[in-house]
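Input: a single structure, listed below in structure tokens.
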């Protein structure tokens with residue numbers, strides 16, 4: 001199952017407190033009913049996002065070290081509020097003569113239970129899902145098979161693939177994610193735009209992509225794999241792919257894992273073959289390159305969090321399990337398909353996407369619009 005290709009990042013989830021406030025029957029729906037004094041356990045700060053989706057104003061109060069409540073923020077109907085706070089700080093809702101639901105910054109066991117009109121939502125440091133909600137897709141890789149003839153767009157030209165020889169490199173291994181001193185053959189691929197008139201070595205825009213293939217893979221296979229990886233990367237829309245600087249290919253198994261800070265992703269050669277066999281290799285590369293291109297800009301953007309809270313659902317089971325780290329990449333592929341390759345989707349799939357991630361798609365359209373077809377060579381984003 002393709003969902004196994006990812007490893008959840010629990011540490012990243014703990015860097016976010018994401019709270020959406022909604023009410024039904026005049027209930028704030030908080031899981032905790034009592035608030036004690038704020039206790040700053042450390043100097044660690046969390047990004048906190050409150051969104052009032054109820055039908056009445058909400059008073060947000062901060063509790064000091066003695067447990068006394070102080071007015072902090074009035075949230076009007078549909079108003080949102082973004083700020084930073086230290087771990088252990090406590091906030092309450094409601095007037096002094098009402099029960100005070102309590103929210104503890106950094107508490108991984110209790111954040112809030114939020115009531116919508118008919119279903120409950122759970123929020124816990126960025127993870128959110130409907131208790132009785134099943135995501136439409138297990139993973140966007142299975143949303144549509146994009147390999148072979150039905151790829152994203154006409155592939156860009158591979159202007160050159162040159163081996164730079166065997167080099168000693170310090171790379172993280174797939175088995176334990178620790179850095180080790182390894183040897184690999186490094187290829188440099190020059191990728192140009194898809195229109196043939198621009199296919200000359202001096203053409204710009206063009207992209208340099210490093211392919212790092214471990215020397216534990218035989219030399220003959222390394223040459224073949226370099227051409228294969230370059231061809232897959234050339235099918236990904238340019239405005240996403242141009243942010244990826246390196247792909248590492250290790251021997252054996254190993255599901256793809258992006259390193260956003262290094263603009264690279266890593267995978268195992270046997271897993272590469274399996275993804276090709278499943279017909280989801282293009283979708284996998286698209287997903288990882290979306291991480292590299294869009295996560296640094298938008299994953300911590302409060303406007304993205306607001307779109308998530310407005311949709312109140314997720315597009316895939318994997319997005320449900322890792323809403324903070326994976327929801328953006330999981331949502332962008334169906335958004336792109338709907339706008340650029342609707343013929344690859346059934347009518348039912350199109351309707352599901354439009355109903356499930358309506359506000360996320362509006363966010364993408366405004367801040368990261370899909371660039372289709374020959375426009376893939378745009379220098380936007």
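List of remarks:
- Checked across segment 230-238, the condition of being touching a strand residue (DSSP E or B) at 6+ places or on another chain (Cβ under 6 Å), more than 19 Å from residue 152 (Cα to Cα) and crowded, with 21+ Cβ neighbours inside 10 Å holds for no residue.
Residue-by-condition table, conditions (1) out of contact with any strand residue (DSSP E or B) (no Cβ under 9 Å at 6 or more places or on another chain); (2) within 23 Å of residue 285 (Cα to Cα); (3) at pLDDT 85 or above:
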site	(1), (2), (3)
119	no, no, no
125	no, no, no
139	no, yes, no
160	no, yes, yes
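- Of the residues 92, 47, 85, the single one that is more than 21 Å from residue 308 (Cα to Cα) and at pLDDT below 75 is 85.
- Odd one out for residue 371, checked against (1) closer than 29 Å to residue 206 by Cβ; (2) free of Cβ contacts under 8 Å to residues at least 60 places away in the same chain; (3) more than 17 Å from the chain's Cα centre (by Cα): (2)
- Of the residues contained in segment 239-260, one or more are found to be modelled with pLDDT of 95 or more, buried (at least 21 other Cβ atoms within 10 Å of the Cβ) and within 18 Å of residue 371 (Cα to Cα).
- Scanning segment 351-366 for any residue that is within 23 Å of residue 233 (Cβ to Cβ), outside the structural domain of residue 194 (by TED's automatic domain parsing), crowded, with 17+ Cβ neighbours inside 10 Å and touching a helix residue (DSSP H, G or I) at 6+ places or on another chain (Cβ under 6 Å) turns up at least one such residue.
- Matching residues, segment 172-208, being over 12 Å from residue 248 (Cβ atoms), touching a helix residue (DSSP H, G or I) at 6+ places or on another chain (Cβ under 8 Å) and either at pLDDT 65 or above or not assigned by TED's automatic domain parsing to the domain that holds residue 233 (or both): 189, 191, 192, 193, 194, 205, 207
- Hey, residue 253 closer than 18 Å to residue 162 by Cα and either part of a loop (DSSP other than H, G, I, E, B) or within 22 Å of the chain's Cα centre (by Cα) (or both) or not: no
- Some residue of segment 270-280 being in contact (Cβ under 8 Å) with a residue 60 or more places away in the chain, within 17 Å of residue 332 (Cβ to Cβ) and not assigned by TED's automatic domain parsing to the domain that holds residue 207: yes
- Tallying residues that are within 30 Å of residue 262 (Cβ to Cβ) and either at pLDDT below 80 or assigned to a helix (DSSP H, G or I) (or both) within segment 307-351 yields 25.
The values are calculated or read from the model by the stated rules, or taken from the named source; none is laboratory data. Small disclaimer: the values here were computed from a predicted structure and weren't measured. Cβ: placed from backbone, ideal geometry, glycine included. Neighbour counts: every protein chain shown.
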